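Only one structure is covered here, and it is reproduced in the block below.
The values are calculated or read from the model by the stated rules, or taken from the named source; none is laboratory data. Note that the coordinates shown come from a computational prediction; the quantities given were computed from them, not determined experimentally. Backbone-built Cβ (ideal geometry, glycine too); neighbour counts: all protein chains shown. Just so you know, the surface numbers come from the protein's heavy atoms only, side chains and all, with ligands and any DNA or RNA stripped out. Shrake-Rupley method; radii C 1.70, N 1.55, O 1.52, S 1.80 Å.
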Amino acid sequence: MNRPNIIFIVADDLGFADLGCYGGRDAEFGPVSPQIDRLAAQGLRFTQAYSNSPVCSPTRFAMITARYQYRLRAGIDEPLSSRPGQGMTLGLPPGHPTLPSLLQAQGYRTALVGKWHLGALPGFGPLKSGYEEFFGPMSGAVDYFSHCTNNGAHDLYLGEAAQTEEGYLTDLLSRRAVDYVHRMARQKAPFLLSLHYTAPHWPWETRDDQGVSQALNKGLFHLNGGNIHTYRRMIHHMDEGIGWLVEALRQNGQLHNTLLVFTSDNGGERFSDNWPLVGGKMDLTEGGIRVPWIAHWPEVIVPGRTSSQVCMTMDWSATMLELAGASAAPGYPLDGVSILPVLQAEGREFPRPLHWRMNHRAQRALREGDWKYLRVDGHDYLFHLPSDERERANLAAQQAGRLAAMRDHWEAWNASMPPIPDDASVILGYSQKDMPQR
């Protein structure tokens, strides 16, 4: 098996059922995600896959390191809130081994197109952590047209230099990714392209909403705007760009030996469809952490497969490292587990316990087999997920022994992680005064 090109596509705040291939409904204009749906039909779709966190930057720390985000101080903030110009505070230490740096050491070309959100310049940045090229925003959210943050600062970069480009951000990212594929086709080395969209994260703007952008005047949380129709169109714009990317691979004869992965950094936000799950972004209920996972790789993956393998974001990173022939750096053992056997053939699923913790509402969770232990606001719950994905039937009293064992398992894992520091931040975009509780 030749070492494949790798394209790691990450949506931002996408709900579990927003895509047609995960049961999503058509919009008024038709199917919301036909290009992604086609990748799923021609590849492998996971039904029990999770993000490392229910909020963006912690998942991104795990994704780039293949380790639990809790091992890094900046990975504990919910989310990281540094802005351009505040660069020597918190972020991904440039000396920490990463997915791109380890792949680069194996001869891969590396690029990040899209959202970084792992620390601001001058102390942190993609070019300091293994990427040869970078185009996109450094912070957690920018306007789709002005490319400015919530405080009005410009946040679109080419490398480490501010970049001014006219256009809708989703399309700018898609076109830049297409350009990268065309350029890489003219050289022999395999490549890693991280394509990290900001869509469908707020503010709620489609290609036709430049007027909305001008009216917002820095209010990127957009609490008085948006609707499901705008939201679905934003997903569709991203989907179209993914179609352009697939076509570029096909034109260059690279589609067959490219592993193309699609997922989301966490569960959906206010306009998302998470059915049948409960909760969303910031929650350790299933709606906050169970996400779409699609893998397309014609050389290896038999089309039309579905897997119930339990796995989380950092497992993708570990898989990509194995494919490249890379090993963990000394002193930085991986927490992610490669799922390459699952990609290669049916029937190779394996047990994979997953742990989470959140400063917000003192949440904790453990997925172990068919069971999930959950704590929220000091209350313990036990759910049998195959029969109760909505987590409505608490079996803690009937299964007291199982609950105690899983709680002990979580406590032992938590003791192996750095504690949550007193100055760790929790930032909520909106509260009950803005809209009713879920």
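Of the residues in the stretch 26-33, at least one is among the hydroxyl-bearing types (S, T, Y) and open to solvent by less than 30 Å² (accessible area, probe 1.4 Å). Which pairs turn up if I take residues in the stretch 100-112 that are closer than 24 Å to A11 by Cβ and look for partners that are assigned to a loop (DSSP other than H, G, I, E, B) and among the hydrophobic types (A, V, I, L, M, F, W, C) with beta carbon separation below 8 Å, at least 6 apart in sequence or on another chain? Between residues of the stretch 100-112 that are closer than 24 Å to A11 by Cβ and residues that are assigned to a loop (DSSP other than H, G, I, E, B) and among the hydrophobic types (A, V, I, L, M, F, W, C), the close pairs are L103/A326; Y108/A189; R109/A189. Every test in (1) modelled with pLDDT under 95; (2) within 29 Å of I289 (Cα to Cα); (3) buried (at least 21 other Cβ atoms within 10 Å of the Cβ) is passed by L223 save one, and that test is (3).
Considered as a group, the residues in the stretch 404-438 that are touching a residue at least 24 places away in the same chain (Cβ under 8 Å) and not in a loop (DSSP other than H, G, I, E, B) include one that is nearest to the chain's Cα centre (by Cα), and that residue is V426.
Quick one: which residue in A62, A40 is touching a residue at least 40 places away in the same chain (Cβ under 8 Å), crowded, with 22+ Cβ neighbours inside 10 Å, of a type outside the set (S, T, Y) and in contact with a Ser or Thr (Cβ under 7 Å, 6 or more places away or on another chain)? Being touching a residue at least 40 places away in the same chain (Cβ under 8 Å), crowded, with 22+ Cβ neighbours inside 10 Å, of a type outside the set (S, T, Y) and in contact with a Ser or Thr (Cβ under 7 Å, 6 or more places away or on another chain) holds for just one of A62, A40, which is A62. Count of the stretch 133-162 residues, restricted to those that are out of contact with any helix residue (DSSP H, G or I) (no Cβ under 7 Å at 6 or more places or on another chain), within 19 Å of D179 (Cα to Cα) and part of a loop (DSSP other than H, G, I, E, B), is 2. Of all residues in the stretch 291-342, exactly one satisfies the criterion of being in contact with a Phe, Trp or Tyr (Cβ under 9 Å, 6 or more places away or on another chain), open to solvent by 40 Å² or more (accessible area, probe 1.4 Å) and aliphatic (A, V, I, L, M), namely V337.
For the stretch 374-392, filtering for residues that are in a strand (DSSP E or B) and surrounded by 15 or more Cβ atoms within 10 Å (Cβ to Cβ) leaves 8.
Give the residues of the stretch 396-438 that are of a type in the set (A, V, I, L, M, F, W, C) and open to solvent by less than 50 Å² (accessible area, probe 1.4 Å), sorted by residue number. Of everything in the stretch 396-438, those that are of a type in the set (A, V, I, L, M, F, W, C) and open to solvent by less than 50 Å² (accessible area, probe 1.4 Å) turn out to be A396, L403, A404, M406, W410, W413, M417, A424, M435.
All of (1) aliphatic (A, V, I, L, M); (2) open to solvent by 40 Å² or more (accessible area, probe 1.4 Å); (3) outside any loop (DSSP other than H, G, I, E, B) hold for A111 with one exception: (2). Flag not set for Q363, criterion: in contact with an Asp or Glu (Cβ under 6 Å, 6 or more places away or on another chain), open to solvent by less than 10 Å² (accessible area, probe 1.4 Å), polar (S, T, N, Q) and touching a residue at least 12 places away in the same chain (Cβ under 8 Å). Between a residue in the stretch 160-173 that is under 19 Å from P126 (Cα atoms) and any residue that is surrounded by fewer than 14 Cβ atoms within 10 Å (Cβ to Cβ), which pairs come within a Cβ distance under 7 Å, given they are 6 or more apart or on different chains? Final answer for the pair search is L172/E165. Contact map, the stretch 333-358: residues that are within 24 Å of K281 (Cβ to Cβ) paired with residues that are at pLDDT 95 or above and of a type in the set (F, W, Y), Cβ distance under 8 Å, separation 6+ or inter-chain. Pairs shown: D335/Y68; G336/W316; L354/Y50; H355/Y68; H355/W410; H355/W413; R357/Y70.
Of all residues in the stretch 177-189, those that are assigned to a helix (DSSP H, G or I) have Cβ atoms under 9 Å from Cβ atoms of residues that are exposed (fewer than 14 other Cβ atoms within 10 Å of the Cβ), 6 or more apart or on another chain, in V181/Q251; H182/Q251. Tally the residues that are closer than 15 Å to L195 by Cβ and open to solvent by less than 20 Å² (accessible area, probe 1.4 Å), restricting the search to the stretch 247-290. The number of residues fulfilling the criteria is 10. Of all the numbered requirements in (1) surrounded by 15 or more Cβ atoms within 10 Å (Cβ to Cβ); (2) in contact with a Leu (Cβ under 7 Å, 6 or more places away or on another chain), P353 misses one, and that requirement is (1).
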